[in-house]
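A.B. asks: Below: one structure in structure tokens.
We did not get these values from a lab; they are worked out from the coordinates using the rules stated. What you see is a predicted model, and the numbers here were worked out from it, not measured in a lab. Cβ placement follows ideal geometry from the backbone for every residue including glycine, while neighbour counts extend to all protein chains displayed.
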Amino acid sequence: MRGDEVKDKENQSIFKNRRVQLFILVLLASLVAIHPWYVSGEGFTTNLNYGLDLEGGSWLQIKLQGAVAQVDADPGMIVKQMVESTIGTSIVITDVNIPIDESSNEQTYVTFTTDDFITQSQIDLLGLGQATITRKENKTEVTLYSSKQSLIIAFLSNSLNTEVMPIAYVDGTEYEIRTAVSEKELQDLMATVGGSIVKNTDGTLKYREGVTTETRDMTKDILSEKLNSLGLKDIPVRTIGEDYILIDFAGIDLATAKDIAEKPGKFEIRIQTTGNDSVHVLYGDDIESVGVPGFHDGQWSTPFRLTESGALALQRIAIETGASDNPEAHWLDMYLDDNMVYSAPLSQSAADRLKQYPIYSWESSTGGDEESKIQAEQLQIHLRAGALPVNVELVGSGHVDAALGKKFKTQSVLAGFLSLIAVAFVVFRRYHKKEILVPMVATSVSEVFMILGFAGAVGWQLDLASIAGIIAVIGTGIDHLVIITDEVLYEGKLPSTKIYLERITKAFAIIFAAAATTTIAMSPLVVMGFGALKGFAITTIVGVLIGVLIARPVYGIVIKEVLQKSEQ
């Protein structure tokens, strides 16, 4: 009687084992993530995303426009040129102080006089620094307190109409100019203010075309957010080298892909001054968050929130331009790639509040009709990810026919199926036992199913490289299952429980070591991100981890039970 109870307990133990329960739960979760279903007119569909290789579509390669250079200039000439060209008055430089050590806290100051009356707001709008203004004998004397670096940044930004970012090094400061400017153009520009591009010790100029790695990565992230917010399928955006970005548009024709890619751009908010003139307020990186467009008070509007620096800048410019006193005469304009996408005056309540304190939360109203709703939704996209740090140039494109992509998909599935059949044949030739073949093949299939479930859950796009990774997992998985089987079949038969536990422990020590080696070998491809190779590496690592942590331990349990029943 006691022997029968023990036998019943052994027969039921496989379903009470926590590893088996985890295995079943992961399989069910994978089924939910893949979500296979049949739709009339479309056929069999799933939640899996397929890349350009398997679905067809288009790809675009864009180049980031910019330059990095170390330049020098005369602070007095910078002030003279910017004041005379912007304010429209002739000035005479009377005093210039340049500290010997530019890294010290001592300020550069430039003093000039003019016969015209200059206001504090006019000087502040130049962005050259703090200033003191005095009137002496019908002359205006202005002293600007700044630094040579700030003056160079202001001059380059104003002359090239772009952002300029300083990059500090031990031997000086380089400037990242976020627009296309050649070495000759920059040299000629600096010559107008008594400056030039600094030379290296070998006589070459400290200039290179391109942008910094940080700017490239920022552009990639913004593009990815921008493109994927359009409601399309997941669009992978990858960096190539220092200055290039590759975008895959699966299932999208080339003309549409180009149209979509041209939409992201440099987002800017400006406030009108006089006539058609306007002054810069902030760029898109000062937009902290964007809400969902809503309808209230008879208007569609898009809410957004500014960073502290953005809110302070908007308050300062609104006061200096007079928009806080007369908002109807100084509209707020939003630009994307120098094209106006929104223009409206500040509300009177907002204008009054700006006189007292900065406003962080804003709403841009577009109107009350259906077209206004569309405009509000489009403005949300511009606000969310329109602020590319640099302008981009399309340098390459291509198209994969949908029929060819479908053929690749079919051939990939066929290749995986044939590899599984080939492995099953080899396994059967080795053991000549179907009770070993069936659990082994079922385990391999379950691993593939769980990999696809992971891809469906995280939205990973499956391409040819990913399929190759899955096939590689099938091969390494079978290797590990053979090791387990050989250890279980002690001298051709199932050993006692004590010996079985010893040998299965030895088998998994080998398997875990092999899995760790594979993971370490693939990790550089994930970190360095070599395009399609990254997909291969991620798929292989995920497959190996699923195998050694979930599927293969369960195989060790199942194969013992199956062989035990076979012997009985």
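A.B. asks: Can you tell me, using C-alpha contacts under 8 Å and at least 6 residues apart, the relative contact order of region 173-225 as a whole percent?
C.D. replies: 29
A.B. asks: Okay, next question. Show that you can apply the helix-only estimate: for the chain, add -39,500 (n - 2.57) for every DSSP H stretch of four or more residues, divide by all residues, and state [θ] at 222 nm to the nearest 500. If you can, show how the numbers build up before the last one.
C.D. replies: On the way: 18 runs with 282 residues, N = 568.
Helix-only estimate at 222 nm: -16500 deg cm²/dmol.
A.B. asks: Here is a further query. Which ³J(HN,Hα) values in Hz, rounded to whole numbers, follow from the phi angles of region 348-359 under the Karplus curve 6.51 cos²θ - 1.76 cosθ + 1.60, where θ = phi - 60° and Gly and Pro get x?
C.D. replies: 4, 5, 5, 4, 5, 5, 5, 5, 9, 7, x, 10
A.B. asks: What dipole magnitude, in Debye to the nearest 20, does region 68-210 give about its Cα centre under +1 on Lys/Arg Cβ and -1 on Asp/Glu Cβ?
C.D. replies: I would put it at about 180 debye.
A.B. asks: In whole Å, how far is the Cα centre of region 119-185 from that of region 341-376?
C.D. replies: 31
A.B. asks: Would you mind working out the magnitude of the charge dipole of region 287-356 relative to its Cα centre, with +1 at each Lys and Arg C-beta and -1 at each Asp and Glu C-beta, to the nearest 20 Debye?
C.D. replies: With only Lys, Arg, Asp and Glu charged at Cβ, the dipole is about 220 debye.
A.B. asks: Related question: Loop only per DSSP, at most 13 neighbouring Cβ atoms within 10 Å: give me the GluC sites (Glu not before Pro) in region 88-191, ordered by residue number.
C.D. replies: Here the GluC sites (Glu not before Pro) that fit, given the DSSP loop and packing criteria, are Glu102, Glu106, Glu137.
A.B. asks: Among Leu186, Ser496, Thr519, pick out the residue whose Cα is farthest towards the positive end of the charge dipole of the chain, where Lys and Arg carry +1 and Asp and Glu carry -1 on C-beta, about the Cα centre.
C.D. replies: Ser496
A.B. asks: Among the listed pairs Lys63/Lys258; Lys63/Lys220; Lys433/Lys560; Lys63/Lys199; Lys506/Lys560, which have their C-alpha atoms separated by more than 19 angstrom in this model?
C.D. replies: Lys63/Lys199
A.B. asks: May I ask for the angle, rounded to the nearest 10°, between helix 148-160 and the longest principal axis of the chain, with both axes built from Cα atoms and the value confined to 0 to 90°?
C.D. replies: For helix 148-160, the angle is close to 80 degrees.
A.B. asks: Another question about this same structure. For region 218-396, what is the relative contact order in percent, using Cα pairs closer than 8 Å and at least 6 residues apart in sequence?
C.D. replies: RCO, region 218-396: 28 percent.
A.B. asks: Report for the chain the percent antiparallel among DSSP-assigned beta bridges with both residues inside it, nearest 5.
C.D. replies: 95
A.B. asks: List the chymotrypsin sites (Phe, Trp or Tyr not before Pro) within region 104-180 that fall in a DSSP loop (any state other than H, G, I, E or B) and whose Cβ has at most 14 other Cβ atoms within 10 Å.
C.D. replies: Phe117
A.B. asks: May I pose another question? If you line up the long axis of helix 2-16 against the longest principal axis of the chain, both from Cα atoms, how many degrees apart are they, to the nearest 10?
C.D. replies: Result, in degrees: 30.
A.B. asks: Just report the Cα centroid separation between region 267-293 and region 16-85, whole Å.
C.D. replies: 27
A.B. asks: Percent relative contact order of region 68-210, based on C-alpha pairs within less than 8 angstrom and at least six residues apart?
C.D. replies: Averaging sequence separation for qualifying contacts and normalising by length gives 29 percent for region 68-210.
A.B. asks: Now for a different question. Please go through region 324-354 and write out the chymotrypsin sites (Phe, Trp or Tyr not before Pro) that DSSP classes as loop and that have at most 16 other C-beta atoms within 10 Å.
C.D. replies: The qualifying sites are Trp331.
A.B. asks: Please get the size of the charge dipole for the chain, origin at its Cα centre, with Cβ charges of +1 on Lys and Arg and -1 on Asp and Glu, quoted in debye to the nearest 20.
C.D. replies: Dipole about the Cα centre, nearest 20: 3520 debye.
A.B. asks: Between the helical axis of 18-34 and the dominant principal axis of the chain, each derived from Cα atoms, what acute angle in degrees is found, rounded to the nearest 10?
C.D. replies: Helix 18-34 sits roughly 50 degrees off the main axis of the chain.
A.B. asks: Expected output is a single nm value to one decimal: the length gained when fully extending between Gln120 and His432, i.e. 0.36 nm times separation in residues minus the C-alpha distance. What is it?
C.D. replies: Length difference between fully extended and current span is 103.0 nm.
A.B. asks: Hey, fewest Cβ within 10 Å first, where do Val448, Val438 land in order?
C.D. replies: Ascending number of Cβ neighbours within 10 Å: Val438, Val448.
A.B. asks: How much length is gained on full extension from Glu84 to Thr204, taking 0.36 nm per residue of separation minus their Cα-Cα distance?
C.D. replies: Between Glu84 and Thr204, full extension yields 39.9 nm more.
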